[in-house]
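Here's the structure we're looking at; comments come further down.
The values are calculated or read from the model by the stated rules, or taken from the named source; none is laboratory data. Everything numeric here is computed off the predicted structure, so don't read it as measured data. Counting neighbours? That spans all protein chains shown, and the Cβs are built from the backbone with ideal geometry, glycine included.
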Amino acid sequence: MREVMNKRLTHISGHGVALVAGILCGTLGVVLAMPILAGAVIYGIIGSEADLNTAGFAILATPVICSVLGYGFGRWAAEIYNRVAKRKGGLEFEVRDVPPAA
């Protein structure tokens with residue numbers, strides 16, 4: 001019979017959460033924003049040369065901005081979680097031992 005233990009997550013690393021959130025948001029910025037902006041350039045929604053320069057900047061800046069915002073909001077969320085967990089006890093979850101995969 002497997003023993004089930006309840007554990008509480010009472011603290012998370014602010015930098016670790018922020019780093020993961022920044023990477024995920026930056027990746028989403030690449031995956032979601034770049035095709036939209038590239039499509040706008042290809043289909044001629046953006047017509048003049050100045051608009052093309054702006055679109056090029058937006059294509060390059062969007063993933064960077066998303067990464068920075070993701071890092072900041074991830075850090076902020078981790079801080080809030082740590083403060084709430086200190087007062088309320090944190091998330092409770094079950095842990096059990098499993099045999100290694102064959």
Review point. What helices (runs of 4 or more DSSP H) completely inside the chain contain at least 3 residues that are surrounded by 15 or more Cβ atoms within 10 Å (Cβ to Cβ), in contact with a helix residue (DSSP H, G or I) (Cβ under 9 Å, 6 or more places away or on another chain) and at pLDDT below 80?
Key: 34-42, 49-88
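Are any residues in the stretch 69-84 of a type in the set (Phe, Trp, Tyr) and closer than 13 Å to Cys25 by Cα, and if so, which ones? Break it down stepwise before answering.
At the first step, the residues of the stretch 69-84 found to be of a type in the set (Phe, Trp, Tyr) are 71, 73, 76, 81.
Correct list: Tyr71, Phe73.
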